[in-house]
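The values are calculated or read from the model by the stated rules, or taken from the named source; none is laboratory data. Being a predicted model, the structure only gives us computed values, none of them experimental. A quick note on method: Cβ atoms are made from the backbone with ideal geometry, for glycine too, and the neighbour counts reach across all protein chains shown. When the accessible area is computed, the model is the full protein with side chains, heavy atoms only, and any ligands, DNA or RNA have been set aside. Shrake-Rupley method; radii C 1.70, N 1.55, O 1.52, S 1.80 Å.
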Amino acid sequence: MRELAAALEVSPATVAAAYRTLKQRGFVVADRGRGTSVAALPPMRVWRAAELPAGVRDLVSGNPDPQLLPSLAGVFARLDPAHRLYGVAAKLPELATRAEAQFAGDGIRGDVAVTGGALDAIERALQTELRLGDRVVVEDPSWPRVADLVQALGLAIEPVPVDRNGLDPDLLDAALRRGARAVIATPRGQNPTGAAVDPARGRALRALLAGHPDVLVIEDDYVAQVAGAPYVPVHGADGRWAVVRSLSKVLGPDLRVAVVAGDPLTISRIEGRQRLGPGWVSHILQQVAALLLQDKATAQLLARAERTYAARRRAFVSALSRRGIEAAGDSGLGVWVPLAEEAAAVRELLLQGWAVSPGERYRFHSAPGLRVTTAGLAPEEAEQLADAIAALGRAPTATYAG
């Protein structure tokens, strides 16, 4: 800083202030002992989905299978058309009651909020609990928009590798010792690896986090009822925590509703921050969600969806395994395929009619690979795609972390 101040003919205090501003806005990162460097990613990225060529199979978007989403036609006819005016309660009682029952079924007991999707809940929780420059543990690899959100809030990303059972406890411990103030974890259906926390890993993570009661633990349980794996908590009974369950993969992406359970203080702050923005989630949307969740036909459809998604994941993973490629897809809506030359593979597969996601969007230090949405991938397509990937070359040994 002194050298830069001399070169620019300004005071060291001016340079230090400029460094702080750049860090707060996400342009640079400071690492104790290594100095300051330009951030690997810009503060915010806007991904504009390119229109795929005609005939190309879309295995990029991460959408659920529309055939496995409940119909909205009958629900619209049952909506209460009365206007909701200013001062209305933020939560529709019917949806809050249904959410509380579903959370309780998984042993989750806390206050409940309703937000405009999973990222809305995560953003409000981080905004109310953390300050600029605080460190947030993010899974490596992980859904890109989580990292984008963390950076956009002026927070520092602390990537921690995941294996088939979730976050690595030893490396999480190291991140917490470095001062991480929040942890964002996916208990099942981890995107992109499909990892699911098992009971042993859950106990290890809860025991570790119990020693850091002031750290906010956010569980992004975004596939919930259709995950294909049981829920195992990462958070403990005490401390600061929130479990976020989006309804996008379950009832439809356009619904834009998530239910959140958490400790009373965290939920109170999420709802308080919500009042300073939109105020509440539209009761029309909340009615749709409540009516669908109360319908026995929806429960039957979601059970079938969970079985179907699991069968499609297994079919693709098995097809790759028979060709010498060990992929991962224990839960969720996709499969992670380790592949050294991911960029070249994406280009070649597109030429063959398959659109898949390059792993570089998801990872920080973990090994390269491809993310393939299998929610709508038929068994015969799984064989064809496995043939195409096998022709590209064998995968590296590492599945997640390099």
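Data for the structure
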{"quantity": "Relative packing of peptides 236-245, 190-199, 95-104 - highest average C-beta neighbours within 10 Å first", "calculated": "190-199, 236-245, 95-104"}
{"quantity": "For the chain, accessible area per residue (1.4 Å probe, heavy atoms of protein chains only), Å²", "calculated": "47"}
{"quantity": "Calculated FRET value between Ala5 and Arg145, using beta carbons and R₀ = 41 Å, to 0.05", "calculated": "0.60"}
{"quantity": "Percent accessible area from carbon and sulfur atoms, the chain, protein chains only, probe 1.4 Å", "calculated": "54"}
{"quantity": "Kirkwood Rh and Cα Rg combined as Rg over Rh, evaluated for the chain", "calculated": "0.99"}
{"quantity": "Reachable lysines from Lys296, criterion Cα separation under 26 angstrom, eight or more residues apart if same chain", "calculated": "Lys91, Lys249"}
{"quantity": "Semi-axes of the equivalent ellipsoid for the range 253-393, Cα gyration tensor, largest first, Å", "calculated": "37, 21, 13"}
{"quantity": "Relative packing of 323-330, 295-302, which averages over residues the other C-beta atoms within 10 Å, highest first", "calculated": "323-330, 295-302"}
{"quantity": "For the chain, calculated [θ]222 nm from helices alone, where every DSSP H run of n ≥ 4 adds -39500 (n - 2.57)", "calculated": "-11500 deg cm²/dmol"}
{"quantity": "Protection proxy ranking, peptides 131-139, 13-21, average beta carbon neighbours within 10 Å, highest first", "calculated": "131-139, 13-21"}
{"quantity": "Alpha-carbon radius of gyration plus Dmax, which is the widest Cα pair, for the range 237-284 in Å", "calculated": "12.3, 34"}
{"quantity": "Anchor Lys23: aspartates and glutamates whose Cα lies under 16 Å away (excluding residues fewer than 8 positions away in-chain)", "calculated": "Asp31, Asp134, Asp148, Glu158"}
{"quantity": "Kirkwood hydrodynamic radius (C-alpha pairs) into Stokes-Einstein, the range 85-194, 25 °C and 0.890 mPa s, D in µm²/s", "calculated": "156"}
